[in-house]
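Beneath this line is the structure, given in structure tokens, with notes to follow.
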Amino acid sequence: SLVCSEMCIRYRVSTQSTGTIGEATFMKLLPIAVLLSLNVIIVFSSPTPVVLWHGMGDTCCFPFSMGRLTELIQKNIPGIYVHSLMIGADEEADELNGFFMNINEQITIAAQQIANDTNLRGGFNAIGFSQGSQFLRGYVQRYNFPPVKNLISIGGQHQGVYGFPKCPGDNYTICNWVRELLDLGAYDSFVQDNLVQAEYWQDPYDYAGYLKYNIFLPDINNARDQKNSTYKANLISLENFVMVKFTEDTMVQPIESEWFGFYAPGGTEEIIPLRQSQLYTEDWLGLQVMDKANKLKFLSVVGDHLQFTDEWFVENIIPLLQ
């Protein structure tokens, strides 16, 4: 082997020049060299870990959602490590926090979990589902240590939503609370501090109010006058930013938010796609730079919100993780 050849040369030279290292010593050291060689192979062949962040009404570990996807990833990439984020002490708290814990606090908690997980210290791929997508983008822009390599957004609302037509999950009481709080006023300070969905609510009829009072989305979209250069640099550092849109989505309004599009200010009649938006043309986040470098990937699924098959996932997402 290459390692053996280098050692053989090194020890032959040493023996010739000093006469102090003999064949017996060399043979004792040879197994160590072999082990070191094997360690190098293991490090470079290990698959990149994956972090998952679930959507509204879900948890880290439901066997029919994140648990099933964890198994699917591990089945197709043997030996891969998957960390499904849980925000809270248990799954029940995790589900509730997806509705009622300030997003900024959630991202801070997630960043601490990621930093404390030694399996992720070399970097990882990140997959967000629905609102978990923009939360993971928030992690990339604000922390990104350890760094995300590929950010995959599945049904994420990167320009927010205007409407709450279909609340997911089995807890109808929670859904009614959410609707009542939004009716109270999405930009009310109490609602902003305590309702997750209000924190990515963008009212096209009140863009000034959105910029002034929304505590999350205008910040991570660099929409305010003062831009955060770190947000832009961190996002550009991604190898790929993949956005998946569901063409028949009945939950996200407008659907184009899943590809960074949104209503034109002042109404809901016109949609401005990403490449025509001010966010892109002025490159607030570096998306134009990424687009020109072929780092933006736009995928679509014919179906309702998060309705995809295992076959679609294996064909389209698994290759991005390998």
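The values are calculated or read from the model by the stated rules, or taken from the named source; none is laboratory data. Quick caveat: nothing in here was measured; it's all calculated off a predicted structure. When we count neighbours, we look across all protein chains shown, and the Cβ atoms used for this are built from the backbone with ideal geometry, even at glycine. Ligands, DNA and RNA are excluded from the accessible area calculation, which covers all protein heavy atoms including side chains. Shrake-Rupley method; radii C 1.70, N 1.55, O 1.52, S 1.80 Å.
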Next on the checklist: Quick check: at a probe of 1.4 Å, how many percent of the accessible area of segment 187-322 sits on carbon and sulfur atoms?
Outcome noted: 49
Checklist outcome for this item: Of the candidates Gly286, Ala264, Gln202, the farthest towards the positive dipole end of segment 174-297 (Lys/Arg Cβ +1, Asp/Glu Cβ -1, centred on the Cα centre) is Gly286
Next on the checklist: Ignoring ligands, DNA and RNA, please state the percent of accessible area on segment 96-162 from carbon and sulfur, probe 1.4 Å.
Outcome noted: 51
Checklist outcome for this item: Here the percent of antiparallel bridges among DSSP beta bridges lying wholly in segment 188-310, to the nearest 5, is 25
Checklist entry - Considering only protein heavy atoms, what per residue accessible area in square angstrom results for segment 199-238 with a 1.4 angstrom probe? => result 46
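Kindly flag which residue pairs out of Lys149/Lys232; Lys232/Lys295; Lys75/Lys297; Lys149/Lys295 have an alpha-carbon separation exceeding 21 Å in this structure.
Lys75/Lys297
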Next on the checklist: Using alpha carbons only, how many angstrom separate the centre of segment 97-112 from the centre of segment 227-290?
Outcome noted: 22
